[in-house]
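Right, one structure below, let's go through it.
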Amino acid sequence: MPSEKILKRKKAKVQELAQKFKEAKSFVLADYRGLTVEQDTQLRRAMREAEVEYAVIKNSIIRFAAHENGFNELDDYLKGPTAIALSMQDPVAPSKVLAKYAKSNKILEIKAGVVEGKFIDIDGVKSIASLPSKEELVAKTVGALSGPLYGIVNVLNANIRGLAVALNAIAEKKQAEA
């Protein structure tokens with residue numbers, strides 16, 4: 001039986017993780033077994049760049065924190081070593097980083113996740129990872145909206161240019177006559 005001090009520490013970790021689960025836009029569970037130190041370091045660097053918190057946490061702590069938030073579906077995926085990628089800002093970031101990394105390192109296995117409070121399995125994680133990022137969507141929308149505007153500006157400029165050329169030709173003709 002663990003000491004009271006250890007139990008308090010574990011309960012504090014569960015409470016901290018449960019709070020993060022409440023505040024997170026999304027999180028994804030993965031099995032990292034077999035990754036070399038260099039591969040794990042690269043993965044952690046990619047996570048930091050995407051502003052995703054990445055940690056290896058005991059399954060029992062994840063399970064208690066998940067149950068506190070009603071994510072009981074995760075129980076089936078909490079077997080073996082588990083790493084968790086958690087994002088407070090971007091709901092797509094953990095899925096994107098892990099899916100990209102899993103493509104190049106077949107050893108990394110995505111288990112499941114939660115996005116905006118909804119449980120998703122591995123197929124859900126992969127489909128979310130294939131979505132364009134928020135920045136890409138904004139850029140495409142701006143491009144789609146600005147295209148017709150540029151066309152209108154060019155048409156108006158062409159009419160003004162044509163008028164300027166015509167007025168210039170009339171002015172030159174008048175000067176030649178005078």
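Computed values, structure above
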| read-out | value |
| --- | --- |
| Selected residue (only one of Ala50, Ala83 is surrounded by 21 or more Cβ atoms within 10 Å (Cβ to Cβ) and touching a residue at least 40 places away in the same chain (Cβ under 8 Å)) | Ala83 |
| Total residues in the range 21-41, condition surrounded by fewer than 16 Cβ atoms within 10 Å (Cβ to Cβ) and either touching a residue at least 12 places away in the same chain (Cβ under 8 Å) or aromatic (Phe, Trp, Tyr) (or both) | 4 |
| Pairs with Cβ under 6 Å, 6+ apart, first in the range 1-13 and under 22 Å from His67 (Cβ atoms), second in a helix (DSSP H, G or I) | Lys13/Ile61 |
| Residue in the range 104-112 that is within 17 Å of Glu49 (Cβ to Cβ), surrounded by fewer than 15 Cβ atoms within 10 Å (Cβ to Cβ) and more than 13 Å from the chain's Cα centre (by Cα) present | yes |
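Each reported figure results from applying straightforward, stated rules to the coordinates on display, with no laboratory input. The shown structure was predicted, so the numbers you read here are calculated from the model rather than taken from an experiment. For neighbour counting, all protein chains shown are included, and Cβ atoms are generated from backbone atoms with ideal geometry for every residue, glycine included.
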